[in-house]
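Inspection log for the structure reproduced underneath, given as structure tokens.
The values are calculated or read from the model by the stated rules, or taken from the named source; none is laboratory data. These numbers were taken from a predicted model, which means no experiment stands behind them. Cβ placement follows ideal geometry from the backbone for every residue including glycine, while neighbour counts extend to all protein chains displayed. Heads up: the accessible areas ignore ligands, DNA and RNA and are worked out on the full protein's heavy atoms, side chains in. Shrake-Rupley method; radii C 1.70, N 1.55, O 1.52, S 1.80 Å.
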Amino acid sequence: MAEKFDSLEEHLEKFVENIRQLGIIVSDFQPSSQAGLNQKLNFMVTGLQDIDKCRQQLHEISVPLEVFEYIDQGRNPQLYTKECLERALAKNEQVKGKIDTMKKFKSLLIQELTKVFPEDMAKYKAIRGEDPSP
């Protein structure tokens, strides 16, 4: 899979360089540079065809729209992954805290119910396969 990305990156770099050179030719256009302009335009068409071939190889890849928003804002798209991981870790800590709280609540509830309903709680613990002693 990495070679597919490498190929796409190489084609994109060539295409960007061709566009840069095309911009130079157009900005200082002289009738004598028409042949060079035509050649660069043909390279541009060929480059787009090469990029399209790469697209067909990578059609199963989906990129979240937020990544494009990062790029549009001039931010590094790798920050998107970092921030996603940070959000996932924060959510994980939040959920872990809730689970720990619920475990403590269950333990306290069972202790209090055992004090009030000792026979019923002994049956409950026997059904659950737990030690019936408090």
Failed condition for Ser7, given (1) closer than 30 Å to Asp131 by Cβ; (2) surrounded by 13 or more Cβ atoms within 10 Å (Cβ to Cβ): (1)
Open to solvent by 80 Å² or more (accessible area, probe 1.4 Å), polar (S, T, N, Q) and touching a Lys or Arg at 6+ places or on another chain (Cβ under 8 Å), is that true of Gln57? yes
Lone qualifier among Leu89, Leu113 - being open to solvent by less than 100 Å² (accessible area, probe 1.4 Å) and not hydroxyl-bearing (Ser, Thr, Tyr): Leu113
Log entry, pairs with first residue in region 69-98 being among the hydrophobic types (A, V, I, L, M, F, W, C), second being open to solvent by less than 80 Å² (accessible area, probe 1.4 Å), beta carbons closer than 6 Å, six or more apart or on different chains, reads Ile71/Pro77
Identify the single condition in (1) in the same structural domain as Ala2 (by the TED database); (2) modelled with pLDDT under 90; (3) surrounded by 14 or more Cβ atoms within 10 Å (Cβ to Cβ) that Gln30 does not satisfy, given that it satisfies every other one. (3)
Only one residue in Phe43, Phe105 is within 24 Å of His11 (Cβ to Cβ) and either open to solvent by 100 Å² or more (accessible area, probe 1.4 Å) or under 16 Å from the mean Cα position of the chain (by Cα) (or both), so which one is that? Phe43
